[in-house]
Structure formats: structure tokens, C-alpha cells
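The values are calculated or read from the model by the stated rules, or taken from the named source; none is laboratory data. Since we're looking at a predicted model, the values are computed, not measured. Ideal geometry is used to build each Cβ from the backbone, glycine not excepted, and the neighbour counts take in all protein chains shown. Heavy atoms of the whole protein, side chains included, go into the accessibility calculation; ligands, DNA and RNA do not. Shrake-Rupley method; radii C 1.70, N 1.55, O 1.52, S 1.80 Å.
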There are 2 protein chains.
Amino acid sequence: MKSERATLPDRELNDRLAASGLRFTAQRQQVLAVLLKRRDHPTAEEVFIRAKSQMPDISMATVYNCLDALTQCGLVRQVHMDRGAARYCPNMSDHSHFRCEGCGRVHDIDLASEALRPHLPRGFQVSHSEVSLHGLCADCARNSAARSSAK
Amino acid sequence: MKSERATLPDRELNDRLAASGLRFTAQRQQVLAVLLKRRDHPTAEEVFIRAKSQMPDISMATVYNCLDALTQCGLVRQVHMDRGAARYCPNMSDHSHFRCEGCGRVHDIDLASEALRPHLPRGFQVSHSEVSLHGLCADCARNSAARSSAK
DNA sequence: TTTGTATTTAGAATCATTCTAACTCTTGAC
DNA sequence: GTCAAGAGTTAGAATGATTCTAAATACAAA
């Protein structure tokens, strides 16, 4: 899980968009900035709220459009944890996600989906895979252990 | 991935339901029968259509209720592949799913989520995990290879 | 400039799912 | 057996996330 530069230069965004036949726009820049600032896997609605605080006229439809555009050009990934809203992640390395049932946070896990390939039946070709884990993160597990031994 | 008996006796269903404080009903029996008959991971709507052909008065709300009840008492699992409708699987062994982008079928894959545990950071406790794979199944991969070499 | 295309926007539409309230069926107490 | 209480079923309304639509706007190339 290598860390990426905190701020991706606009030039990079521009080039990536152009490579997919998409234009650089202030809204797309803003949405990407939101995702890079706090890498906490926000939902589209959370992205909307954060983006709106900087850019009050942005609309929900545009946030969805921008998230799509950024996903298309390979700067962002959609993450599906529960059955609820999709989340967005700017960490493009091959990794998995863990959602803590205690604090609700989604953690990046260094488990490459590439590692699953050997388990496939002969002849199957994987184009994409997703691993989602649920449980207690280290902090919450410690707290819950402490709580139950205290009573 | 051991195969289960094609028809689970009603007695078993009754016992499992009772163990969760639920009653045996004709609708729950019918919904389970649908899932056991064709183990093709149908959505709630597909279950509804199939159940309705045998039991014309059953409603969608009841199908959801029955699927919940069967999930609760451990006879059925929800499977989440795309962002769309949840699917239902009566294979309770620890396995994963592969959705073929060619034929749309969902295949059971003998990949225990238990196998992922060693990859977790120290202190994390997993209560549940799900692996979903996408690509081409052996049949579709073969067909697509044949098609592209023919042209 | 002009013109064509991409993008943004608000709101309507859609899809899967959950909720609600009325009705029905079971079960257990008498 | 009768009856009340609690489960379960039902249709339809409500919800939440997302996509679609149509009009307005902004760009980019000619």
C-alpha cells in the first residue's frame, strides 16, 4: 500500500481526463480534491457536502458525474461495503477494505485481489474483484475486550 | 464446497426456524424450495416470480420477509455482486462468488474467506467477509477466444 | 464570432428495499 | 372448543441511492 502524493497536480488530472476524452473542469478538480484530502472512503453524499462547502453551487448530479469521470479515468475506485451507498477511494493500489462495526470506519487492507487468482477454477478469467471484510478494527477490539473484562 | 441434499426435509426447515423463534409457514417452505431447486443465485424478484408460479397469492413483501427469515436461521445467504439487487444462495459452505460478464451467471467458487485472515493487520477481528469476482467463466472465455481468432 | 459538443444543473424517474396498517392464521390459556 | 395475543401475510406507500432528462451554460475548434 504505497502512499500517493497528498495533492495530485492539476496537470495529472487534466492528462488523465484527456486520455479518456474528458475535459478538465473546476467541479472535477474539486471532487478529486475532496477525496484526496481525507481518505476516509466517503459516500457520494458526503463528497457532495464537503465539495459544496467550497463550491456552493455544485449539485448532487454533478458529484455523481464527477465521481464517474474520475473512476473512468482511473484516479478513483468505487468501494462497495454494505448494501448501502457506494464509497469512493483514491488509493489505486491493489488492496481490500475492512469496515469496522464499532467505529464505522473503512480501513484499507493490504490484501491484493491478485492473490485470489490461484483459487479460480481452470479457464476462468478475472477482470475485476473485490474483497470486503467486516468486524472490529484493532482499536475497537481492544476497547470491547477492556469493557467486557471490566464488568 | 460439499453439495447439500437436493431437498431439505420440511422437518429441518421447521427446526431451524423454531431455533430462531420463527414459525414454519407455507410461504417460507415455498421460497426455500425455489432456492433449492435451481441454485442459480436468483434475486428477490426472480424468487418472487418462481414462487408465484406455484403459489399465485404470494406477495413481494412476503418474499423479502421469507428470505430474511431463512437468512436469519442460517439456511440461506445473501450475496452481493454488483450494486444491483441482492442475490440468494442456499449453499452455506464457506465459499466465494464469480459473476460472468459473458453469460451473467453467478458461479460458486471454492475460496474460503477464512483464507483471507492471515492478511489482516494485527488486532483486527473479522466477523464476516465476502469476496466477489468478475470476469469470464471457462465457457465464455473459450467462446470469446474462438470468436476473436476466427475473425 | 459561430457552432458543435461536453458539462452542469434541478428535478423527475427508477430500482431495490423497507415500512405501514389492515387482515389472517396459529398457538396457548382457559 | 373458544378466544385473545402474537406471528405472518398482504398491498401499497415510503425511502434511499442512483440514473435519467431536458434546459442552461461553458468550452474549444473552425
Checklist entry - By its C-alpha gyration tensor, with a ≥ b ≥ c as the square roots of the eigenvalues, how is the stretch A:81-151 shaped: rounded for a/c under 1.5, else prolate for a/b larger than b/c, else oblate? => result prolate
Checklist entry - To the nearest whole number, what is the average tally of beta carbon atoms from other chains within 10 Å of the beta carbons of peptide B:130-141? => result 6
Checklist outcome for this item: If labels are modelled 7 Å from Cα along the Cβ direction, A:R83 lies from its partners in the other copies at nm distances, smallest first, of 1.7
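Find out how many positive minus negative residues lie around B:N14, taking Lys and Arg as positive, Asp and Glu as negative, among other residues whose Cβ is under 14 Å from that of B:N14.
Here the charged neighbours net out to +1.
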Checklist outcome for this item: the stretch B:131-151 and the stretch A:50-119 have their Cα centres apart by a whole-number Å value of 28 Å
Item to check | Label 7 Å beyond Cα on the Cβ vector: A:E101 copy-to-copy distances, nm | outcome: 3.3
Checklist entry - At a Förster radius of 35 Å, what calculated FRET efficiency corresponds to the Cβ-Cβ distance of A:D82 and B:N143, to the nearest 0.05? => result 0.50
Next on the checklist: Restricting the calculation to Cα positions, tell me the Rg (one decimal) and the Dmax (whole number) of chain A in Å.
Outcome noted: 17.8, 61
Next on the checklist: In chain B, once you exclude exposed GluC sites (Glu not before Pro) (DSSP loop, at most 16 other Cβ within 10 angstrom), what's the longest stretch remaining?
Outcome noted: B:5-100
Checklist entry - Other chains' Cβ within 10 Å of A:116-123 residues: what's the mean? => result 6
Item to check | For the axis carrying chain A to chain B: nearest C-beta residue of A, whole Å | outcome: A:V131, 3
Checklist outcome for this item: Per its Cα gyration tensor (rounded if a/c is under 1.5, else prolate when a/b beats b/c, else oblate), the protein assembly as shown is best filed as prolate
Next on the checklist: As an exercise, identify the trypsin sites (Lys or Arg not before Pro) in the stretch B:6-88 lying in DSSP coil whose Cβ has no more than 11 other Cβ atoms within 10 Å.
Outcome noted: B:R23, B:R38, B:R83
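Calculate, for chain A, the solvent-accessible area per residue in square angstrom, rolling a 1.4 angstrom probe over the heavy atoms of the protein chains.
Result: 55 Å² per residue.
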Checklist entry - Tell me, what ³J(HN,Hα) does each residue in the stretch A:94-99 have, in order and in whole Hz, if you take phi through Karplus 6.51 cos²θ - 1.76 cosθ + 1.60 with θ = phi - 60° and put x for Gly and Pro? => result 6, 8, 10, 10, 10, 9
Checklist outcome for this item: Checked the stretch A:10-89 against the a/c 1.5 cut and the a/b vs b/c comparison, axes a ≥ b ≥ c from its Cα gyration tensor; verdict oblate
Item to check | Accessible surface of A:D110 - all protein chains present, 1.4 Å probe, nearest 10 Å² | outcome: 90 Å²
Next on the checklist: At 7 angstrom along the Cα-to-beta-carbon line, where would the label on B:N143 sit relative to the other copies? Give the distances in nm, shortest first.
Outcome noted: 5.1
Checklist entry - Taking a 1.4 Å probe, which of B:C140, B:C66, A:C103 shows the most accessible area, and what order do the others take after it? => result A:C103, B:C140, B:C66
